Each structure stands twice: as structure tokens, then as C-alpha cells.
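Reviewing the structure listed below.
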Amino acid sequence: MPPKRKSNKKGKGKGRGRGRGKGKGKGKGKQKNTKKQNQQKKNKKKVPPPKIDQIINEFNKFNLEKADKLIKLEETNHPELSLIKLFRGLWHFRKKRIRDALRIYDEVATKGNLKEELVLTYLHYVYEPLKEYAKLRKAYEKAFAESNNTRHLQQIFDCYLKELNFDNLPKISDQCYKKTKNGDYLFWSPFSMLINEQSKEISEEEKKKLRKVALPQLEKILNEKIQKKQLLFLSEEFVQVYLQGLIRDQQYTKALQLIEKTVPRKFKITWERDQQLLELYYLSGNFEKTIKMAQYIILIKDPDNLVAFRTLIKTVFETNKKNPIEFLMKFIKQIQKKFPKNRASFIATIETYQKKIELINAQTKEKEENENENENEKEKEKENEKENEKENEKENELEEYLNYYLESIIHYIKTWGNKICCFRDVDGYLKKDFILQNEEFQKKFSKSIEFLNKESLLNIEEELESIRCVKRTLGLKLELRSGVSLIDSSLELFKEYCNDCVQFRNLESTERRPCDDLILISSQQFLLKYIKSGYSNESDLYCSLISMHKGLEESPYHFQFCLQLVRLYKLMGIMHHDIFEDKVEIKHIYYDSMTHVFVEDAFDLGFVKLVDDTIEGARKFHSSARVDVGSSVSSIAQQTRKYSMVAGLIEFAKKLEKSAQFESIVLIDYMKKVSQLATDLNKLKMSLFILEDVNDREKMFETSEGHFNSLSHNYDMDVLRFWGSNTDENKLLNETLYGKNNVYKNIYLKREKLILSMILEIIKLNTTKIKLIIQDLKENTLKLFLSESDDEEKKIYNESNIWNPLWQIVDLFVLVMENDKESNEENGKKITLLANSLKDSLNNIYQIIKNHLLNKDKTLNTKLLNLISTFVNKIFPIIMIILNVLHSKKLLSKISQFNEIVNQLITFWNEDFILYSETMQNKKQSKSNIANRISSLAKPIITLFDSDKVIENMSNIIYDSQNITLNYILKQSSAYALHLKKIIKQL
């Protein structure tokens, strides 16, 4: 046994085999180096393992301060760990520092260690709520490539669903099926093709190709189930998907075979087997079976099935039966007798006569067209005599069926007049062309209604409402045609409403009253008169407003009253903002379908809180709705299997994705930032260049005609009802109250995008792009303003040319920048001329304001106040930005008149305008002046009821709105003026 190694404490360096000199030294050196290495090893051993569980616990407790300390410690000890990096990203995410969080997460997703399941879990934790499904999918693809883990492949499939990306889904679903043998994945391969066929904007030829691939695959799955005798285990939704695909591909025979022979009858409950058979019999041209199936459904299954009645009626007429009316009426009367409490058979009576009338009219029209072609042929003169006799018979027949049609509608109102749905049921039948073009028939109908009104059905409130609505649909039109003036008609309707309010005073407070339509008609008739006066007779506008106030006093939560009141005030230049806090609850889909009624006006008039609340609500709705759609599709795949819902969800997602209203909201948000940060160039740059980084930047600045045509205007106009005397007047009322149409909405969006784009290019000093934008912006702004404004506003606009200073300051900016690159005398002269023009334009605007801001009765001119607000919101900020940019480049000295221009701005906003604002300081006197103006202009109507409360309410609304707008103007312009003074001092 070799001896144990002795300690080196004695006789250092004197071991055997070592020399005394150099050997001794070498031995010492080697020993020291070994000690150092051992110490490093000991130090490494002292580094504790990462405190993963502790950090997770702190995050779970939402204790971000402690989590931050632990993460900092681990960043020092374990800087290379992907999980620690993700914890830092999660900390940023919890602090709402989304950009910082995404930067870290993107780095880990592309370069990190994705073999750890916890790393993937935490990537999921942040990417999921931010809708970064594509990034999450790529991370799982990378992990799957390394691990070949089935769960990772399933997550890739799930991400594709949440992205609503069905192009690559067939390949992934096939892979998932091979790995799991789960039949649901096998189904999603052809199903994803059918989804693309339904939802993608592709040609019919491409749709056919997709169906050609998908339908045989679904048939194969079905056949396999039949062979294995597993048909009962097949999802009903699967059958519905396959069936609808066959129908869209016009394979009616195969679809019928699927329902009649292949699929068991157990499916009839969910997807209405008999209803599907009825549709397919009709589509395949098997009219005999169609008639039998329709009768079977009505008699045995559902006597109130209006679809079955309508299919029966059109089928009987298309089979060219000799006497379709006799056949149909015999069956319908049998149903009415057997099931007297079902409405569908009574509506079927009306539609049967309607079909016959339309058929007679079509035959008459065809005959007239043939006569026009052959009018020069003498041979047909004798035939014409015979034809004339037949024509007389046709006219008598038409009159006979018109009378039947009238009687069936009257009978329906008699039978169902006490139902709220009564008027909605008959309204469409009263608006048919053969009714609207036949005054004699209308008079006869009106007499019948008058008689019905006097019968003792009577005094059931819903019944009275239905009868009144029917009278207004036809009767009001007759009155106006007979020469009754709009103003007389409006006043009579208002009186009738006031009387009815007394009669129905004891009713429970509900959203609507039986007489509400009267006040709506009255208000809209006053408005029509105002429009037809060229927007000059303000008396009619005030009467229209008072009518709506009276209506809202009686029915405080009538949604249409609220909306119409908001828009009527807008015509005055007033924002009735309180109504959104007290009466109208903006919720859910309304953020996309109804905010267009007020949000743009609220921004223009300086209602900051209402705008902020709306922007926040709209962003939350869109963000959650888009997440919800992807999550719902994923849930359908994994849990509910309600496949028939997928196409509808995708359609909803497409509408949200292309929402014109959401684009408007986002633009308003950024324009608000421009207005607030115009004096701080650095903050403005940060705010706007964030916009440059977002994924949809191209969409936000896209101004092509194709982009605007692709937008979805998801306006909910179903709540709006207009009562003009004809369709053109209804359209005129709609356009006046709620905007002309989608084209003008697109013009507004284009203007806002161009303004924002121009500001970005000004900050970047890109004069070439600015020149292109400014020309487009000039045309767009003029088009928009003239399309929106009434005659008085156009007059003020033409006098003041309120946008001129913007065009001039931008041209001046371009010239100064170009002159700085290549200075010459000609550019110097142009700069001087432009600066003088800018001075003149500003002076002209100020003179207009001084001359027109106050009305003769010492109330504020609200329309001019709107123009000033537009100047402060849209034009002044750009002037400030340009001056700031030139100041930062030390180029303001190039404009010799700079001091004069700035002093002109400062003097006006700090001195002159404040004098006018003092008219609002005496609150009591201001409201008194407004009340006197209302009383003077609304004389025709205020004497008809106790109007003191309404006048006081209107005075408060007008005063508050003017005051908010005025204070906003003063606050913004004062901040600009203060900044301009700082620039002058620095110069």
C-alpha cells in the first residue's frame, strides 16, 4: 500500500523529485493556481437555484414590487434563463408596458429555449390576451420541430383557429389526425375549405374548386361511419355542414338522399328535417312534393309557420294551376278555422292576394311592352280590339283583388290590433307600389280605418297605436297631397299628441306610449319645413326640438327620441351630452353601430370626457370582441362542436376588422393627442411614431378608393323611423339627421387620415410627400364641408375661408425648408408674400368672429362657435407644430413677418376672444337670453302646452354646451399662446 500523502505545511517546495531552485518555484505557482480554481468552484456552488416558485407566487398575489426584486436578483444570477426573461416581460405586461413586454417575449420566442413547457406556458400567458396568435403559433412550431410533441402540434392547430387562418388548417388537421386518431381533426380538413368557400372574397369558380375537394372528403367520412355502423355517433352539426355544402353546390338530389335515406330521423329536432326537405323539394323543382310537405308542416307540425305558408303560395302560383286562389284560400281558411289564434294564416291571406295582384300587373306590363314593339303592324288591329276587352276584364279583376287585399288587411288589424306586432306586420304590405300609386284605393282604405277607429274594439292602448300608425302610413300622405301645409299638419299632430298624453296619463311608465309616433311625426314635419326653407327658418327647428322634448318628458327612455334630439341639437351646433349619461346606455355593439351619431361632433366641439369615455369603450369592445371570436371558434373545435356557427362568427369578425367606425375612433384618438401635444414636439413624436409601429399602420393611412369601398359601415339604423310624405322625404330626413351616406363618412375618414399623414411628414421634414398630401387635402376638405353644412355655415365659411391659414402655413413651411437647402432670391420673395397672405387670412377670420359671434339678442352664434372650435382642433395645432419644427431647426428667422404673425395669434386668443367669453360669465343673464330666443322662435308651439319646464331644460342644454365648447377653445388657445410667447423669448 502506497504511503499517504503528507501535508505541505513543513518544508515547502522540498518534495521528492523537485529541484531546489526552479522546482521549488514551480511547485508554489501551481499550488496557488489550484487554490484559485477551487475558490471559483466554491463560488459557483454558492449561486442558489432560481427562485421560480417564489416569483410565480408574487405574481399570483399581484405583488409586483416583490416580484421585481426577485427578478432583478435572478437576472444577475441566471441571466441566460429564458424563463427569467419572460418573468421580466410579464412584469412589464402587468405594468401595462406592452411594447417592452412584447420586445422581451419576441426575443425569447425566436431565440430562447422552448424545450421547457413552462416557457411555452408563459409565452401563452401574454401572447393570448394581446391576440398575438401568429407569434405564439411560430413559437409552438419551433418547439414541435425540436420535440415532435403532439401537444405542441395541437396548439399550432388551435392558434390557426384563433387567427381565423383556415388556409393552412387542412395540412395541420391531417397531421393532428395521424398523431391522435381523433376524428374531429379529420373533419376539420374539408370543413376549413368550406369555411373559406363561404367567407373569402373569391370568384364562384374558385368556390366550386374548394367544394369539389371538400365535399367528397366529407362523403368519405360519412360512408366510413355507415360501413362501421357508427352512424348514430355522427354529429348532427357534421350532417348540417355537409348538407349545406351540397345545397350551395346545387347537388339537390344527393342532399335529398342524405336526408331521406342516409341520415336517421333522430336529427329532425335540431335542424328541422322537414323544413330542410321542404326547401330541397322546391329547389329541385319537385313542386308536387313541395305542396304536400308544406301542408304537412302547417297541419301537423306548426300551424304558425309563415315560411311554409310562403313556400306553399309561391309554389302553387309557379305550378300554373288553373285557379291558384281557390286552392290556396280553401286551405288557408281551413287552417284559420282550426287554429284561430295563430297569425301566420291571416298573413298568408294577405300575401295570396298580393301575389295575384303582382301577377296581374306583370301580365299588363308585358302586354304593353309587346304592343310598343308591334304598334306599326296593321294586321294586329283586330286582335287589339279583343285584347281591349280582355284588358277591361283584367282591370275589373285587379280592382276585385285590391278590394280583397284591403279587406284582408282590415280583418288582420281587427283580429290582431291589440298586439304590439300588428303594425310591423302590415306596414310592408301598405308600402307596396300598387298601393302607393293608387290614391282612390288609399282613400277607401283610410275610410275603413276611420270606421275601425270608431268601432267599440276600443280603447285598448296597443290597438289605438296600431290603428294610428296605419293611418299615418297612408292617411298622412293623403293629407299632404291634398294641400294641407306642413306647419298645419305638424301643429295638428302635436295637439293630438298632447290630448292623448292626458288620456294615457295613468299608464305605467314604459319605454313607449301608444301616441309616441304622433310626436315623432310632428317633429319630423317641422324639420322638413326647416330643410325646405333652405335652413333659414329657425322657428321650425326650435319647434321640432320642443316636440322631441315634450315626447321625452312623457316617455323618458324612448331610444329614438333620444337619438333624434341629439341630432336636432347638432343642427343648431349644440352637443346634448347629458343624454348619454342620463338616458342612453352605450354598451357592447353600440360602440360600433351607434357612436357615429355623436362622437365626431363631440370631438369637434371639445367634449373631452365624452370622447375619452367613448374611445375607451370602443377600444375595449373591439379588443374583446376580436379575441372572443377566435376563442369561440377554438371552443367550437374542442368542446361544443357547433360547426354551423363558425361562418357567422367569421362574418362578424370581418365586419369588425373592416369597421369604418373603429377607424374613425382611432383617428379621433390620435387627433386628440395632436391637439393636446402640439406644443411639445418630443412627446408628439413619441405618440405619433408609436402609430407608425403598429401592425395596421398601412390600414390607418390607406386612402385609396378600394380601401374605403371595402369598409363595413355597421350602422344600426333599425331603431330609426322616418315619416316623410314620400320615400324622398324620408331619405332627406335621414340624411339631414344622420349623415348623407357611407360615401360622406369615407370623405371624413380620408380627411382625418390626410391630416395625420401630413403631420407625420412635417415632423420628418419630407416636403415632397407634403406637397402631394396638401393638394388632396384641399379638395377633400372643401367637398366634406360643403356636403355637411347648411346655407348659413356656407356663407360664414365663404366669408372667412377658415381653412386658408392651414394651406398657407404648410406652403410656407415647404418653401422655408426648400430655401434652406438651396437659398435664392425668388424663394425669399415667395416666403414674404405667403407670410403676408397668412396674416391677412388670420385677420379676416378674427373680423368675422368679432362681427358674427354674438346674435342680435346677445346669445352666442353656435354655428360660428363650431367653426372656431374646428380651427382650434384641426388647424391651430398644425400651425403650432410647424412653428415648433421651424424653431427646432432655427429657421424661424427666415420668415421676416414671424413676430407679427405670432403677436396676432397671441393678441386675439389672450385678449379679444376673452371679451366675448364674458357674455357667458353672467350665467343667469345668458340663460335668460337663450330662453327669450327659444320663446320668440317657437311661438307656434309653446302656447299649446305648459312649456316653461321644456324651455328651461333647453336653455340649460344650450348654455352648458356653449360653455363647454367656449372653455375648451380658451383652454387650448391659451396654451398655444403661452407657448408662442416662450418661442419669442427664446428668439
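Which of the residues belonging to segment 677-705 are modelled with pLDDT of 75 or more, open to solvent by less than 50 Å² (accessible area, probe 1.4 Å), part of a helix (DSSP H, G or I) and not hydroxyl-bearing (S, T, Y)?
L677, L681, L684, F701
Filter segment 412-433 down to the residues that are farther than 13 Å from I350 by Cα and of a type in the set (D, E) and list them by number.
D433
Cβ-Cβ below 8 Å, separation at least six or inter-chain, first residue in segment 153-171 and within 11 Å of A134 (Cα to Cα), second at pLDDT 90 or above and surrounded by fewer than 22 Cβ atoms within 10 Å (Cβ to Cβ): which pairs?
Going by the 8 Å Cβ cut-off, the qualifying pairs are I156/E141; I156/F144.
Among what's in segment 129-145 and is farther than 21 Å from S192 by Cβ and out of contact with any Lys or Arg (no Cβ under 8 Å at 6 or more places or on another chain), pick the residue that is surrounded by the fewest Cβ atoms within 10 Å (Cβ to Cβ).
Filtering segment 129-145 down to residues farther than 21 Å from S192 by Cβ leaves 129-130, 132, 135, 139, 142-143, 145.
Then keep just the ones that are out of contact with any Lys or Arg (no Cβ under 8 Å at 6 or more places or on another chain); that gives 129-130, 132, 135, 139, 142, 145.
Values: P129: 12, L130: 16, E132: 21, K135: 18, A139: 27, K142: 17, A145: 10.
The extreme case among them is A145.
Every residue in segment 278-308 that is in contact (Cβ under 8 Å) with a residue 24 or more places away in the chain and assigned to a loop (DSSP other than H, G, I, E, B), please.
Result: S284, P303, D304, N305.
Counting only residues that are within 30 Å of the chain's Cα centre (by Cα) and among the charged types (D, E, K, R), which one in segment 146-188 is most open to solvent (accessible area, probe 1.4 Å)?
That would be D167.
For segment 799-827, name all the residues that are farther than 22 Å from T870 by Cβ, outside any loop (DSSP other than H, G, I, E, B) and open to solvent by 30 Å² or more (accessible area, probe 1.4 Å). Spell out how you get there, then give the answer.
Of segment 799-827, the ones farther than 22 Å from T870 by Cβ are 814-827.
Going one step further and asking which of them are outside any loop (DSSP other than H, G, I, E, B), we end up with 814-821, 825-827.
The answer is E818, D820, K821, E825, E826.
Could you tell me which of the residues Y122, Y105 is in contact with a helix residue (DSSP H, G or I) (Cβ under 8 Å, 6 or more places away or on another chain), under 24 Å from R619 (Cβ atoms) and open to solvent by less than 50 Å² (accessible area, probe 1.4 Å)?
Numbers: Y122 fails: under 24 Å from R619 (Cβ atoms).
The unique qualifying residue is Y105.
Which of the residues belonging to segment 401-421 are open to solvent by 30 Å² or more (accessible area, probe 1.4 Å) and polar (S, T, N, Q)?
If the condition is that a residue be open to solvent by 30 Å² or more (accessible area, probe 1.4 Å) and polar (S, T, N, Q), then N403, T415, N418 are the ones that fit.
Pull up segment 57-80, narrow it to residues that are open to solvent by 50 Å² or more (accessible area, probe 1.4 Å) and hydrophobic (A, V, I, L, M, F, W, C), then point me to the one that is nearest to K95 (Cα to Cα).
Per the criteria, the residue is F62.
Across segment 637-654, what is the total count of residues that are touching a residue at least 40 places away in the same chain (Cβ under 8 Å) and either over 27 Å from L749 (Cα atoms) or open to solvent by less than 70 Å² (accessible area, probe 1.4 Å) (or both)?
Residues in segment 637-654 being touching a residue at least 40 places away in the same chain (Cβ under 8 Å) and either over 27 Å from L749 (Cα atoms) or open to solvent by less than 70 Å² (accessible area, probe 1.4 Å) (or both): 11 in total.
It is to be established whether one or more residues within segment 72-83 are over 16 Å from T121 (Cβ atoms) and polar (S, T, N, Q).
Just the residues of segment 72-83 that are over 16 Å from T121 (Cβ atoms), to begin with: 72-80.
With polar (S, T, N, Q) added as a condition, the list becomes 76-77.
Yes.
In segment 841-890, how many residues are touching a Lys or Arg at 6+ places or on another chain (Cβ under 7 Å) and part of a helix (DSSP H, G or I)?
Within segment 841-890, the first condition is being touching a Lys or Arg at 6+ places or on another chain (Cβ under 7 Å), and the residues that meet it are 857, 859.
Still in the list and also part of a helix (DSSP H, G or I): none.
Residues that pass the stated criteria total 0.
Taking into account only those residues within segment 247-262 that are of a type in the set (D, E, K, R) and at pLDDT below 85, which is surrounded by the most Cβ atoms within 10 Å (Cβ to Cβ)?
Here is the first cut: in segment 247-262, the residues of a type in the set (D, E, K, R) are 248-249, 254, 260-261.
So of that shortlist, the ones also at pLDDT below 85 come out as 260-261.
On the way: E260: 11, K261: 7.
Among those residues, the one meeting the criterion is E260.
Test each condition in (1) more than 23 Å from Y127 (Cα to Cα); (2) open to solvent by 10 Å² or more (accessible area, probe 1.4 Å) for E657 and report the one that comes out false.
Going through (1) more than 23 Å from Y127 (Cα to Cα); (2) open to solvent by 10 Å² or more (accessible area, probe 1.4 Å) one by one, E657 breaks only (1).
Can you work out which of the residues in segment 400-434 that are under 32 Å from the mean Cα position of the chain (by Cα), assigned to a helix (DSSP H, G or I) and among the charged types (D, E, K, R) is farthest from E358 (Cα to Cα)?
R424
Tell me, please, whether a residue that is modelled with pLDDT under 85 and surrounded by fewer than 20 Cβ atoms within 10 Å (Cβ to Cβ) can be found in segment 868-885.
yes
Looking at T349, T311, which one is in a helix (DSSP H, G or I) and closer than 18 Å to E397 by Cα? Write out each step before concluding.
Working: T311 fails: closer than 18 Å to E397 by Cα.
Result: T349 is the single residue among T349, T311 that is in a helix (DSSP H, G or I) and closer than 18 Å to E397 by Cα.
Which numbered condition trips up K858, out of (1) open to solvent by less than 20 Å² (accessible area, probe 1.4 Å); (2) at positive phi?
All conditions are met except number (1).
Checking E391 against (1) modelled with pLDDT of 65 or more; (2) under 22 Å from D433 (Cα atoms); (3) surrounded by 13 or more Cβ atoms within 10 Å (Cβ to Cβ), only one condition comes out false. Which one?
Of everything listed in (1) modelled with pLDDT of 65 or more; (2) under 22 Å from D433 (Cα atoms); (3) surrounded by 13 or more Cβ atoms within 10 Å (Cβ to Cβ), E391 misses just condition (1).
Any residue in segment 226-235 that is under 18 Å from A647 (Cβ atoms) and either at pLDDT 85 or above or of a type outside the set (K, R) (or both)?
Yes, there is a match, as at least one residue in segment 226-235 is under 18 Å from A647 (Cβ atoms) and either at pLDDT 85 or above or of a type outside the set (K, R) (or both).
Looking at segment 633-674, which of its residues are assigned to a helix (DSSP H, G or I), under 30 Å from L610 (Cα atoms) and touching a Leu at 6+ places or on another chain (Cβ under 8 Å)?
A653, A660, F662, E663, S664, L667, Y670, M671, K673, V674
Conditions tested, residue by residue: (1) out of contact with any Ser or Thr (no Cβ under 8 Å at 6 or more places or on another chain); (2) at pLDDT 90 or above; (3) open to solvent by 20 Å² or more (accessible area, probe 1.4 Å); (4) over 23 Å from A255 (Cα atoms).
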{"residue": "Q275", "(1), (2), (3), (4)": "yes, no, yes, no"}
{"residue": "L278", "(1), (2), (3), (4)": "no, yes, no, no"}
{"residue": "R310", "(1), (2), (3), (4)": "yes, yes, yes, no"}
{"residue": "K321", "(1), (2), (3), (4)": "yes, no, yes, yes"}
{"residue": "E351", "(1), (2), (3), (4)": "yes, yes, yes, yes"}
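The values are calculated or read from the model by the stated rules, or taken from the named source; none is laboratory data. Here the structure is a predicted model, which means the values were calculated and not measured. Glycine gets a Cβ as well: all are built from the backbone with ideal geometry, and neighbour counts include every protein chain shown. Just the protein is used for accessible areas: all its heavy atoms, side chains included, with ligands, DNA and RNA removed. Shrake-Rupley method; radii C 1.70, N 1.55, O 1.52, S 1.80 Å.
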